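Worksheet for the structure shown next.
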Amino acid sequence: MDHVNHTGIQNFILAGFTTSGTLRPLAFLGTLCVYLLTLAGNLFIIVLVRADSGLSTPMYFFVSVLSFLELWYVSTTVPTLLHTLLHGHSPIPSAVCFVQLYVFHSLGMTECYLLGVMALDRYLAICRPLHYHALMSRQVQLWLAGATWVAGFSAALVPASLTATLPFCLTEVAHYFCDLGPLMRLACVDTGWNVQVHIVVIGIINACNLVLILGLYGGILRAVVKLPSAASRAKAFSTCSSHVTVVALFFGSAFIVYVGPPESRPEGADKLIALVYTFLTPFLNPIIYTLRNKEVREAVGRVTQRIRALSKGP
């Protein structure tokens, strides 16, 4: 990595993944295809929820908010991933790098809060069915969704601002986007204190939301096992299975990268783990919420019939 005078630093260099000349075009095309499918899948969820009245429930409102978030989340990092796959080491202006760092972590923390809100929604639907629609009115839905974005973008100010104010002596970022750990390794000073602050801030937010989700699902489990029939228990579990899958993917990979000790992971492991929550999870979310959800499949059928009827004309 290149040593530079930190007072005059203008650009960082994103190292990306090391790929050979023959594999580079294939890796680029494969990543581009998955990225476009991710955008299409999440847009499909948003449009479907808006188009079908059968999905005008709090659960699907929050699913559409999650899909909207995923559109921005995946678009924050994948363009730089594509650029590094196509061109190898890629320069990025320091200001753009820090903006990417802030937006990425803001969206990540927003998703963390949103997954907690979605668990609360499932808890109220199953454990408080008689009061569910009163407790989760449209106004409450909008307030909760807005609060997740405000909380996420506020919490990310701490790690992003602390990292942006560090003096840097190196320029090569050992990642395909600007992230906390790879940037702090370029600093001219000891970043032990920064690491502790980041672990506390990000760790507490993740841990509190995960404890909330586990607690709510504990209440859901107790309520479901008391249901009189196996069919009603299966239906209750089916409304939660997609959310549980997304929670496991998101929190599992996030804890490994941002809460676990960096020295315990082999070099380059962060980049591979990051692909799970920056690339794979946004791609899988629409699949999880459509293929495993009977209501969504039925809504697709209704919307398709309406389109066919309109295309035939009077």
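Within segment 218-240, the presence of a residue that is of a type in the set (S, T, N, Q), modelled with pLDDT of 80 or more and out of contact with any Lys or Arg (no Cβ under 7 Å at 6 or more places or on another chain) is excluded. Looking for something out of contact with any helix residue (DSSP H, G or I) (no Cβ under 8 Å at 6 or more places or on another chain), open to solvent by 20 Å² or more (accessible area, probe 1.4 Å) and in a loop (DSSP other than H, G, I, E, B) - is there at least one such residue anywhere in segment 129-136? Checking segment 129-136: at least one residue is out of contact with any helix residue (DSSP H, G or I) (no Cβ under 8 Å at 6 or more places or on another chain), open to solvent by 20 Å² or more (accessible area, probe 1.4 Å) and in a loop (DSSP other than H, G, I, E, B). Find all pairs meeting these conditions: Cβ atoms under 8 angstrom apart; at least six residues apart or on different chains; first residue within segment 18-29 and part of a helix (DSSP H, G or I); second residue open to solvent by 90 Å² or more (accessible area, probe 1.4 Å). Hits for this filter: zero, empty list.
Among the residues of segment 171-187, those that are touching a Leu at 6+ places or on another chain (Cβ under 8 Å) and open to solvent by 30 Å² or more (accessible area, probe 1.4 Å) comprise Glu172, Arg185. Taking first residues from segment 154-175 that are under 10 Å from Phe12 (Cα atoms) and part of a loop (DSSP other than H, G, I, E, B) and partners that are open to solvent by 10 Å² or more (accessible area, probe 1.4 Å) and among the hydrophobic types (A, V, I, L, M, F, W, C), the Cβ contacts under 6 Å between residues at least 6 apart in sequence or on separate chains come to Thr171/Val4; Thr171/Ile13. All conditions but one from (1) open to solvent by 20 Å² or more (accessible area, probe 1.4 Å); (2) in contact (Cβ under 8 Å) with a residue 60 or more places away in the chain; (3) within 20 Å of the chain's Cα centre (by Cα) apply to Val74; the one that does not is (1).
Considering segment 152-170 alone, what residues qualify as being out of contact with any Ser or Thr (no Cβ under 6 Å at 6 or more places or on another chain) and surrounded by fewer than 19 Cβ atoms within 10 Å (Cβ to Cβ)?
Hits for segment 152-170 are Ser154, Leu157, Val158, Ser161, Leu162, Ala164, Thr165, Leu166, Pro167, Cys169.
The values are calculated or read from the model by the stated rules, or taken from the named source; none is laboratory data. What you see is a predicted model; the values in this text were computed from it and never measured. In this analysis, Cβ positions are derived from the backbone assuming ideal geometry, glycine residues included, and neighbour counts consider all displayed protein chains. Note: areas computed on protein heavy atoms with side chains; ligands, DNA, RNA excluded. Shrake-Rupley method; radii C 1.70, N 1.55, O 1.52, S 1.80 Å.
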